[in-house]
């Protein structure tokens, strides 16, 4: 028997859905295995307000929905049906008769699982079966402040990190062994996964979505993804998901003209079209779309225990003119170019996420100059807690491409970022976008000979790691991937058989460890008191020196970067305290591919004022090098007949 009434759809929930306030709408919409009376089966619910009729078709009725007609629930625009006897694994779609009398076969917008592409059916799934064991991780996250914790993110495309063969991917479960071991061994704190929402085209990398609630079947089942996240948490690794609320693809089985009318994209085609990507923008002003998208953000944190979202293409969401030709330009109700609906949506999104998950990471990938992206909404901000620093990235990649002899005339490119470094809570991204589509790999962006490129990349990474802001590096950058990213192939792991790349990998691992071990490099990333220039104006020698300070007064580090190809001996650096300064890391270490064989040494401060500081150290500065000194304090010296006490070593 097929039931169309009394199937557990709450009138209040449907009202909230229509109002844009049902923030767990995935518990109502979609296909849910339930028990109704004495019968087990699946309850289907779909929003299709313009449809004349909706039928459920699938593997359980030979794709003939004549006997499975859904009932429209009042004036909500929602259609529902309970079908007994269906179990998880069944395939289904919605057969929708449009207002004009046409017929559409649509995947479920709320499907929890999908067929593997190129097939497009939705799959009935029960997401309640997995048993999580990450309670300790989740408690620790609730007690920590992300602003004062290390955040070193490894950005990964699961389809090309390591693969078995052409389109023969590792599963989520296999990644739970290989990838997590690698990430832990390298010293990263988080992985950021390029979008895992279901998408039809591999080459879109997941940025053109058809199934927002469906973890892509390319890499396995929902339970396998849960296992991956759970194991990350057990090993102390946070998981960030790249999330794409700005636009969706036009494939026939997806959201476009879902019921024959533009319910997800909105009626104004000038607003809806995204010509740069060949996609459609969501209608952020439509309340049901708000319920759909905000619930989706909550869904990944609630059901999959994802720690945070990197929200893609915020600039394209908030600017009505973003990459649009003149014939598609529109203006808001005030005559401006801001998408006021999108701005209101983003604020509601962040308020809602932090209401349910106060310790979440909400990271804006935003290339605009829109102010206060990471300010709370009650202060007029968008409410994110981090934003990618695209300005720093662009300036530094431009600078590192210069021949060292030209750098003295462009010194501002390495110093300008500190003019605004604390205007937002920043992540410094070296992402996939910078190593694809002819942009070349990070290694090949560096200037100079083969050896100099490695030296330059080590120097660049050192400056990146010690500059205020959290950190993100795309896979392959850690060993100096020589070619740019090839999204259909595995990373060039064989490069680790070559000394230069293996030593680069060793350097990055050591740099990661130095970062994690020194609170001065991350405790005050978002606080101007955590950074001090020591020497900012030495353009002639292409040198910069600065301090990073931790929460404790005695916890600080000195960073020395030589962007020139000249060797400076007995280079004097002003420091604020007497005592010993241990050299924690030198990019010129022989084991990393440099020339310094004896770099593990300390410098002892002399009472010689320099750089406006009461003391100074004299150090050797190799060409194209980064050096990180940690203040070790006054050194204990044993005196005859007396107990140890801390005194300054004589110079």
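Since every read-out is calculated from the coordinates, none of them should be taken as a lab result. Remember, it's a predicted structure, so these values are computed and weren't measured experimentally. We place every Cβ from the backbone using ideal geometry, glycine too, and count neighbours over all the protein chains shown.
Take every Cα pair under 8 Å whose residues are at least 6 apart in sequence, average their separation, divide by the length of the chain, and the relative contact order is 10 percent. Between residue 136 and residue 506, the C-beta separation translates, for a Förster distance of 30 Å, into a calculated FRET efficiency of about 0.45.
Against the chain, whose longest principal axis comes from its Cα atoms, helix 222-234 is set at around 30 degrees.
Using a ≥ b ≥ c from the Cα gyration tensor of segment 350-431 (square roots of the eigenvalues), is it rounded, prolate or oblate, where a/c under 1.5 gives rounded and otherwise the larger of a/b and b/c decides, a/b for prolate? Taking the square roots of the gyration eigenvalues as a ≥ b ≥ c, segment 350-431 is prolate.
Hey, how many Å between the Cα centroid of segment 138-208 and the Cα centroid of segment 408-438? The two parts, judged by their Cα centres, are 23 Å apart. The angle between the Cα long axis of helix 450-466 and the main principal axis of the chain comes to about 80°, on a 0 to 90 degree scale. DSSP bridge analysis restricted to the chain gives an antiparallel fraction near 75%, rounded to the nearest 5. Note on residue 53 and residue 570: the model spin-label points, each 7 Å out from Cα along the C-beta direction, lie 9.5 nm apart. Working ranking of peptides 603-612, 455-464, 14-23 by packing, defined as the average number of other Cβ atoms within 10 Å per residue, highest first, is 455-464, 14-23, 603-612. Given a Förster distance of 30 Å, report the FRET efficiency between residue 287 and residue 129 from their Cβ-Cβ distance, rounded to the nearest 0.05. For residue 287 and residue 129, the calculated efficiency is 0.35. Specify the angular offset, from 0 to 90 degrees and rounded to the nearest 10, of the alpha carbon long axis of helix 340-356 from the longest principal axis of the alpha carbons in the chain. Between the helix axis and the principal axis of the chain, the angle is about 80 degrees.
Here the extension length gained between residue 64 and residue 178 equals 36.7 nm, from 0.36 nm per residue of separation less the Cα-Cα distance.
Sorted fewest first by neighbouring Cβ atoms within 10 angstrom, 93, 578 come out as 578, 93. Overall form of segment 249-407: oblate. Here a/c, set by the Cα gyration tensor axes a ≥ b ≥ c, is 1.5 or more, and a/b is not larger than b/c.
A helix-only calculation puts the chain at -6500 deg cm²/dmol for mean residue ellipticity at 222 nm, using -39500 (n - 2.57) for each DSSP H run of at least four residues, averaged over all residues. A rounded overall shape is assigned to segment 11-123, the ratio a/c of its alpha-carbon gyration tensor axes (a ≥ b ≥ c) being less than 1.5.
For a modelled paramagnetic label at residue 15, 7 Å from Cα along Cα-to-Cβ, the residues of segment 66-83 in reach, with backbone nitrogen under 20 Å, are 72-80. Our note on the geometry: Cα centres of segment 45-95 and segment 607-632, 71 Å apart. Each part reduced to its alpha carbon centroid, segment 306-364 and segment 535-563 end up 36 Å apart.
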